[in-house]
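No lab work stands behind these numbers, since they all come straight from the coordinates. Computed from a predicted model, the values in this text were never measured in an experiment. Methodologically, a virtual Cβ is constructed for each residue, glycine included, from the backbone with ideal geometry; neighbour enumeration extends over all protein chains shown.
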Amino acid sequence: MIAFVRTSATERHTPTVSNLVVYFHRRTTEGMRPDLDQTQLDRYSRHIILDGVGPEGQAALLDSSVLVVGAGGLGSPIVQYLAAAGVGRLGIADDDRVERSNLQRQVVHGDADVGRPKVESAAEFVAGLNPDVTVETHDLRVAPDNVMALIERYDVVVDATDNFPTRYLLNDACVLTGTPLSHGAVYRFEGQVTTFEREGDSPCYRCLFPEAPPEGAVPDCATAGVLGVVPGLIGTVQATEVIKLLIGYGETLDGRLWNVDAGGMDVETVPIRPNPDCPVCGDDPAITSLEDVEYADRCRIPSE
C-alpha cells in the first residue's frame with residue numbers, strides 16, 4: 001500500500017511536456033515571455049514548475065553569461081551545475097593542463113584527458129551535457145593586462161582559483177567594473193563561500209582580507225592535501241549563489257562568509273562588514289586602477 005501511494009503521488013506530480021506546455025501558456029498569457037521550445041520545456045521542467053524560477057527565470061538563465069576562472073576542483077562542479085541549469089554563455093578561463101593527481105576531485109576531467117588543456121576538457125564535458133550552452137574557452141592565465149577586457153563580457157564572475165594574487169586581482173577588477181563576484185576556497189577538510197554583489201554597501205574581498213598572507217604561509221592542495229568531495233560541496237554552493245543572482249531569487253551570501261568543516265560537518269556563517277578604509281571599495285580608495293597594485297607581491301599597494 002505504501003509503495004502504491006508513493007508511486008501514485010510520483011505520477012501525479014511528475015510534469016510532462018504536454019502539461020508543461022499548458023502551464024507555460026498560462027504563465028505567458030499572464031505577461032511572461034515565451035522563449036522555451038518543447039525540448040527545453042522538458043529539459044528544464046523541474047525549474048519551470050518551481051516557484052521562484054518558472055519559465056521567466058529559466059529564460060533569464062538562458063540569456064545570461066558567467067565567467068568561471070579556474071577549471072579545477074572548485075571550477076568543475078560550478079561548470080557542471082551552471083551548464084545543467086542552462087546558463088546560456090559560459091566562459092571558462094584556465095591555463096593549466098590536466099594531471100592525473102587532479103582526477104580525485106576535478107570531476108569534469110577524465111583519465112583520457114591527462115595532458116589536455118583543462119578548458120578544452122571542460123568545454124567538451126559541457127557540450128555533452130547541454131547543447132543550449134555556448135562555451136567560450138580562455139586558455140590563459142588571468143592577469144592585470146587582460147582581466148578587465150575578459151570580465152566585462154560577462155554578467156557574473158566566479159572565483160574558483162587556488163592562489164591569492166588571482167583572488168585579489170579578480171576582486172579588484174570586479175569592484176572597479178561593478179561586476180558581481182562569487183568567491184570560494186578549500187583547505188584540507190574545510191571550505192568557505194561568499195558573494196560580493198557590488199550593490200549598495202556590499203563589502204569586497206579586501207574588506208575581509210586587506211592583504212594576502214606571506215608567500216608559503218598557507219599551503220596549497222599539493223602540499224596540504226584536500227578531501228576530494230570538499231571542492232564539490234563548496235563549488236555547488238557557489239553555483240547556487242550564481243543562479244540566485246541571475247534569476248533574482250532569495251538572499252545571497254553578500255555580507256556573510258559561509259564556512260564548513262567536513263570533519264564534523266560544522267557550519268558557521270560570519271558577517272563581513274564593509275570597511276570604510278578598504279583600499280578598493282572604501283570611502284577614499286587608493287586602488288583606482290589595476291596598475292596601483294603589485295599582484296605578484298602579496299597583492300599590496302606600493303608605498304608612496
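Determine how many Å³ per residue the convex hull of the Cα atoms of the range 145-304 encloses.
Hull volume normalised by residue count: 118 Å³.
Find out how many positive minus negative residues lie around residue 194, taking Lys and Arg as positive, Asp and Glu as negative, among other residues whose Cβ is under 12 Å from that of residue 194.
-2
How much of the DSSP bridge set in the range 138-263 is antiparallel, in percent, rounded to the nearest 5?
70
Take every DSSP beta bridge whose two residues both sit in the range 58-292, then give the antiparallel share in percent to the nearest 5.
Percentage antiparallel, nearest 5: 50.
Using the Karplus equation 6.51 cos²θ - 1.76 cosθ + 1.60 (θ = phi - 60°), what ³J(HN,Hα) coupling, rounded to whole Hz, does each residue of the range 283-296 give in order, writing x for Gly and Pro?
5, 9, x, 7, 9, 10, 8, 5, 5, 7, 10, 9, 5, 8
Please list, by residue number, every one of the GluC sites (Glu not before Pro) in the range 116-206 that is coil in DSSP and has at most 16 other beta-carbon atoms within 10 Å.
Hits after loop and neighbour filter: 152, 199.
Counting Lys and Arg as +1 and Asp and Glu as -1, what is the net charge of the other residues whose Cβ lies under 12 Å from the Cβ of residue 291?
For residues surrounding residue 291, the net value is -4.
Rg/Rh for the range 60-198 to two decimals, with Rh computed the Kirkwood way over all alpha-carbon pairs.
Here the Rg-to-Rh quotient is 0.94.
Using modelled backbone amide H atoms (1.01 Å from N, in-plane), which distant-in-sequence or interchain residues come within less than 5 Å of residue 91's amide H?
Placed amide hydrogens put 66, 67, 68, 136 under 5 Å from residue 91.
Rounded if a/c is under 1.5, else prolate if a/b is larger than b/c, else oblate: which is the range 186-257, with a ≥ b ≥ c the root eigenvalues of its Cα gyration tensor?
It comes out oblate by the Cα gyration axes.
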